[in-house]
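> A single structure is presented below for examination.
The values are calculated or read from the model by the stated rules, or taken from the named source; none is laboratory data. Because the structure is predicted, anything quoted here is derived from the model rather than measured. Neighbour counts run over all protein chains shown; Cβ positions are idealised from the backbone, glycine included. The protein model used for the area step is the full one, side chains on, heavy atoms only, and it has no ligands, DNA or RNA in it. Shrake-Rupley method; radii C 1.70, N 1.55, O 1.52, S 1.80 Å.
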Amino acid sequence: MRTVVALMLLAGLAAPVVAATNAVEVEEDHSLASTLITPHKAWAKGYVGGPVRTLFFIDTGPYDGTWEDTGTRVREAVELGQRFDLQSDAIFYCGSGDGLWHFHGQGLGEQRARRLLQTPYQLYVIAGFPMAKLPAEFQYRILSQVAKGAGLLCCGAGADEYLVAKRRIDPTPAFLINGVPGFDGKTAADMVSAYRLGKGRGVWFRHGAGSLSAAPAYSARALAEYDYRMLLVGRAALWAASREGDVAFESVVAGFSPSIAGGTTMASEVTLRSTAAEKVDATVELELCRASDGQRTPLGKAEVTLPPGESVRVPVKLPTLRAGGYYVDAVAKSKRGTEAFAAGSFACESPFGVGEVKLDRPFVEVGETIRGTATLRGPVPDGAVLQLRYRDSYDRVLDQQDVALSPGQTEVPLSYQATTFATNWMRAEALLRAGDREIEQKDASFLVPKRRHNQHNFVMWDAPMDVLGPFAWRQMQAVGYNVCLLGTFGPPAREAPASLLACDASIAPYSTRILDPKDENGYMQPVCWNDDPKAADYVQGIVDAQIHMREQGVFVYSLGDEGVTLGCCVHPACIATYRRWLAEQYGTIEALNASWGTTYASFDQVDLLDHADNMEAAARTSCFPRWYDRQAFARWNLMHFVRRLVEAMDGTIRVEST
């Protein structure tokens, strides 16, 4: 099969004209209003404590305030607002490390921030950067309001000048940590700490937040978990704003560990307690969430009466479960609104099931067959069936095979021939069933490259790669974007981003950027393009870094933007190549001498007038052909180097340069 790949050489030909921004645009940029509603658990909408007036300070990236690559950092404030009642404004702040930090919109942004701080808020959130990076005046204004009773929530880097040990509340208030599942191997108590700041409160969420949470890379499991990350952030926000309420869940399915075959009753309980002066009549809404894929199952409602100061147990009846991890969500509502919200997690175990799914390769082309093995574990019951399904990135089952298992069988072969219906990310699933019961499922992913050649494509440079990334990319797909230009410098070789795989997007790898800086000897860096084997090793390093992109589906390889349009140097290998090129152009040394007005005896004698003048600039007025030939060689040399890169990426490639 012949691969046709277009080669993009993007060069900046003119400086862009950028119109100055204005206060209206800066205000619009900071808006947290959004018509995009993503799947979410509404933990405390209609909360009894009422909405919290919140001012977010959000790190929007390492730039200068004229523009930023915000990723999903701003979106996290919107996500929190989908789950909790917040009346929010935002200030975008950008910078990096110990360098200068800027307000988005620069002077106009700073003026806007100063105006917003003239109005008291009930909660101030520092999202993803150290509070100390703010100007001292802004820190003072925030802390003045906190000392009077407002809340301060620091996510990530924190405010270590103010959130210090002597102000820490120990033990951590129950509202912050009870009924909040842990993640990343940590409990809620490991991740948050509470502080008394005058009449106000502070919370430090220390879990490496880029904005509000430590949003992981996309996966179905990570997306299911995101609701519980937001649960912790929302609890912290409400506590900091002194809005914890009278009703609280004390535990949710605590200590529950059912087994499919052990006769364990699929039932547990939640407990809640009220500190209100009067009894509270409430409805407890329960829901099950499967951790592997986020599938939700309502568990019904329970009407309860909460006497003052007493714990009340609410039974949780679970459906038949397959082995794996689960969450149980509990939300208590009364006529006043949402009173309390919490979640718990548990794992359902089985002494038999699916051990693993192994595939024979990471990717196949359309028409090829991927094969593998599903391994069973434990004493699989007689009459069990292994259901093999091949699911695409849109969650569609493209093929299914039901395999009746023989007594004692421990392995089941699987195979799938990729068709044009396949997306570039596929999953081979093995689900063990016994009667009408699902026992356990394991899966393995594989790729079917989708290159989108021979069609018109819109290309977007970069995309969010975290758990919220697919929501952003799907919006771009809705208006025609299906190819992502993505930085793939190595080593190591970058993996195909899961957020793009989930959206069936093709890749334009930004594989390198071709420049020709020189060292003190006038030799091109990092390597002279003609100095083999160093040049060959350099090319191979670039190629090796693209291996995973090729598996996803490359529309076109980019060799960079704002690069050079010519290149050569005075390295001996480059001078030797120049001499050979001249010999090919002129044929005889006599022809070159006639053009240049020189008396060289052979091409081996040809050299530059001055090695300090690599491009023969002096010859432009004294010997134009000599100057012209050096320019022509430098352009040929660039394209010769480009051809080396492209042919190393795919030996059957056709080069098309634009």
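> Give the residues of region 601-619 that are closer than 22 Å to Gly587 by Cα and part of a loop (DSSP other than H, G, I, E, B), sorted by residue number.
Passing the criteria: Ala601, Ser602, Val606, Asp607, Leu608, Leu609, Glu616.
> With region 35-129 as the region, which strands (runs of 3 or more DSSP E) entirely inside it contain at least 1 residues that are free of Cβ contacts under 8 Å to residues at least 60 places away in the same chain and surrounded by fewer than 20 Cβ atoms within 10 Å (Cβ to Cβ)?
Working: elements: 52-59, 86-94, 123-127.
It comes to 86-94.
> Taking into account only those residues within region 523-533 that are assigned to a loop (DSSP other than H, G, I, E, B) and touching a residue at least 40 places away in the same chain (Cβ under 8 Å), which is surrounded by the fewest Cβ atoms within 10 Å (Cβ to Cβ)? It would help to see each step written out before you state the result.
Taking region 523-533 as the starting set, the residues that turn out to be assigned to a loop (DSSP other than H, G, I, E, B) are 523, 525-533.
Still in the running and touching a residue at least 40 places away in the same chain (Cβ under 8 Å): 523, 528-532.
Working: Tyr523: 17, Cys528: 26, Trp529: 26, Asn530: 22, Asp531: 19, Asp532: 14.
Here the residue is Asp532.
> Here is a further query. Of the conditions (1) more than 22 Å from Gly179 (Cα to Cα); (2) more than 27 Å from the chain's Cα centre (by Cα); (3) modelled with pLDDT of 95 or more, Arg391 fails just one. Which one is it?
Exception for Arg391: condition (2).
> So Glu520 ticks every box in (1) open to solvent by 30 Å² or more (accessible area, probe 1.4 Å); (2) within 24 Å of Val646 (Cα to Cα) but one. Which box is left unticked?
It is condition (2) that Glu520 fails.
Yes or no, residue by residue, for (1) in contact with a Ser or Thr (Cβ under 8 Å, 6 or more places away or on another chain); (2) under 14 Å from Phe489 (Cβ atoms); (3) outside any helix (DSSP H, G or I):
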| position | (1), (2), (3) |
| --- | --- |
| Ala535 | no, no, no |
| Gly541 | no, yes, no |
| Val564 | no, no, yes |
| Gly567 | no, no, yes |
| Arg580 | no, no, no |
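> Of everything in region 570-614, what is aliphatic (A, V, I, L, M), without any contact (Cβ under 8 Å) to a residue 24 or more places away in the chain and open to solvent by 40 Å² or more (accessible area, probe 1.4 Å)? Give them in sequence order. Quick ask: steps written out before the conclusion?
Let us first name the residues in region 570-614 that are aliphatic (A, V, I, L, M), namely 570, 573, 575-576, 582-583, 589, 591-592, 594, 601, 606, 608-609, 612.
Going one step further and asking which of them are without any contact (Cβ under 8 Å) to a residue 24 or more places away in the chain, we end up with 583, 589, 591-592, 594, 601, 609.
Within region 570-614, Ala594, Ala601, Leu609 meet the criteria.
> Please indicate, with yes or no, whether at least one residue in region 489-499 is in a helix (DSSP H, G or I) and basic (Lys, Arg).
Residues of region 489-499 that are in a helix (DSSP H, G or I), as a first pass: 498-499.
Subsequent filtering for residues that are basic (Lys, Arg) retains none.
No, the conditions are met nowhere in region 489-499.
> Next question, about the same structure. Would you be able to say whether some residue in region 182-191 is open to solvent by 10 Å² or more (accessible area, probe 1.4 Å), assigned to a loop (DSSP other than H, G, I, E, B) and in contact with a Lys or Arg (Cβ under 6 Å, 6 or more places away or on another chain)?
No, the conditions are met nowhere in region 182-191.
> Looking at (1) open to solvent by less than 60 Å² (accessible area, probe 1.4 Å); (2) under 18 Å from Leu515 (Cβ atoms); (3) modelled with pLDDT under 95, which one does Met649 not meet, given that it meets all the others?
All conditions pass for Met649, except number (2).
> Residue by residue through region 252-274, note down the ones that are at pLDDT 95 or above and among the hydroxyl-bearing types (Ser, Thr, Tyr).
Within region 252-274, Thr271, Ser274 meet the criteria.
> Name the residues in region 458-488 that are surrounded by fewer than 16 Cβ atoms within 10 Å (Cβ to Cβ) and part of a loop (DSSP other than H, G, I, E, B), would you?
Asp462, Val479, Gly480
> Given the residues Thr373, Thr420, which is the only one that is under 32 Å from the mean Cα position of the chain (by Cα), more than 30 Å from Val556 (Cα to Cα), open to solvent by 30 Å² or more (accessible area, probe 1.4 Å) and without any contact (Cβ under 8 Å) to a residue 60 or more places away in the chain? Steps first, please.
Details: Thr420 fails: more than 30 Å from Val556 (Cα to Cα).
Selected residue: Thr373, the only one of Thr373, Thr420 that is under 32 Å from the mean Cα position of the chain (by Cα), more than 30 Å from Val556 (Cα to Cα), open to solvent by 30 Å² or more (accessible area, probe 1.4 Å) and without any contact (Cβ under 8 Å) to a residue 60 or more places away in the chain.
> If you check Pro492 against the conditions, is it open to solvent by less than 40 Å² (accessible area, probe 1.4 Å) and of a type outside the set (A, V, I, L, M)? First the steps, then the outcome.
Working: open to solvent by less than 40 Å² (accessible area, probe 1.4 Å): no; of a type outside the set (A, V, I, L, M): yes.
No, not satisfied.
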